[in-house]
Amino acid sequence: MPLPSPAEWQADPRKRVLLFGMSGLGKTHVSSLLRGSGGWFHYSVDYRIGTRYMGEHIADNFKREAMKVPFLRELLMTDSVYIASNITFENLAPLSTYLGKPGDPARGGLPIGEYRHRQTQHMKAEMSALLDTTQFIRRAEDIYGYSNFVCDSGGSICEVVDPEDPADPILTELSSNLLMVWIKGSEAHTQELIRRFDRAPKPMYYQPQFLTECWTAYLAETGRAEDAVDPDAFIRWTYARALAHRQPRYAAMARWGVTVTAEEVAGLASAAAFEDLIAQALAKRGAEG
């Protein structure tokens, strides 16, 4: 779909954008800012994944652990307690906890086969949640009266689409209904993300081929058996490689829309400032041809 001119964007009464980029660079910050302005509907892909598509898997995992405790087992078997996750836009811990980390079970790791299974569940869920975006645009306006819409995509969106394919079904659907906006980080941002991750490593989704390459290389480098891998050590080792793997995919996705920087996003204080920033990005994209 042709991109709007800056004037067309500013005049459009129905502004619809999808934010993408590395986790931690401002997607949720901007989405929350726009939602807080009162004029924008905020659709979180990760929230949709964790509630609509992975909710039962997450709850079943909680129950599986609770059944190991005799006191809780008795209560569950008599339907005396109810166990569910409490996912919010700001707290997606139940989803990441379910994804888990591969390695030594004694250190909280999952067998690699189960880990791959959960990764596949997430991939399918993310693809479905992304394709749900269009129906939520309609629902946001028809039910709640929101004409402006922001889709806060997960950091792994670039792993479930092929930005080099002009007929990619997900990107075609999204770009036909929203303006794709890449929040681009600098090398300094990347290093800060790595430092932050090293302090508190969190589960994430990896493209299957990339995961296989990393798992095989890590086992060869450390000489460890699959069930002796330190889960946190593995995902720390993998994180910087994952960022490097994703960067060119984000850049290719940016050709479907416009680019803003993480510094520009961090300085936003109002919905109007965001709209001006997008107009500037459109003007820059137009000048580049």
For the range 112-207, the per residue accessible area (1.4 Å probe, Å²) is 43 Å²
Carbon/sulfur accessible area of the chain, % of total, 1.4 Å probe, equals 53 percent
Computed over the chain: longest principal axis from alpha-carbon atoms vs helix 112-131 long axis, angle to nearest 10 degrees, is 20 degrees
Checking the range 141-193 for chymotrypsin sites (Phe, Trp or Tyr not before Pro) in a loop per DSSP with at most 12 other beta-carbon atoms within 10 Å yields Y144
Cα-based Debye curve of the chain sampled at q = 0.10, 0.16 Å⁻¹ gives log₁₀ I(q)/I(0) of -0.59, -1.31
Expressed to one decimal in nm², the mean projection of the alpha carbon convex hull of the range 125-179 is 4.0 nm²
The local net charge around E141, scoring Lys/Arg +1 and Asp/Glu -1 for residues other than E141 whose Cβ lies under 11 Å from its Cβ, equals +3
Here the equivalent ellipsoid of the range 104-256, derived from its Cα gyration tensor, has semi-axes (largest first, whole Å) of 33, 17, 15
Over the range 1-74, with neighbouring protein chains present, the accessible area per residue in Å² at probe 1.4 Å is 51 Å²
Cα-based Rg and Dmax for the range 1-158, in Å, come out at 19.1, 65
So the angle from the long Cα axis of helix 271-288 to the longest Cα principal axis of the chain, reported in degrees to the nearest 10, equals 70 degrees
Regression test value, accessible area per residue of the range 209-272, probe 1.4 Å, units Å², expected 45 Å²
Under a 1.4 Å probe, counting only protein heavy atoms, I143 has an accessible area in Å², nearest 10, of 100 Å²
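Count charges around L178 for me, please; just the other residues with Cβ under 13 Å from its Cβ, Lys/Arg as +1, Asp/Glu as -1.
Numbers: positive: R14, K15, R16, R138; negative: D12, D132, D152, E173.
Summing Lys and Arg as +1 and Asp and Glu as -1 gives 0.
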Set K101/K184; K27/K101; K27/K202; K15/K284, cut-off 22 Å on Cα-Cα distance; pairs above it are K101/K184; K27/K101
Short to long, in 5 Å steps from zero, the percent of alpha-carbon pairs of the range 19-103 per bin is 3, 13, 18, 17, 16, 12, 8, 6, 6, 1
For the range 1-91, listing chymotrypsin sites (Phe, Trp or Tyr not before Pro) in a DSSP loop whose Cβ sees at most 11 other Cβ atoms within 10 Å gives Y82
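The values are calculated or read from the model by the stated rules, or taken from the named source; none is laboratory data. Quick caveat, the model's predicted, so the values are computed rather than measured. With ideal geometry, Cβ positions are generated from the backbone for all residues, glycine too; neighbour counts draw on all protein chains shown. Accessible surface is based on the protein model in full, side chains and every heavy atom, while ligands, DNA and RNA are left aside. Shrake-Rupley method; radii C 1.70, N 1.55, O 1.52, S 1.80 Å.
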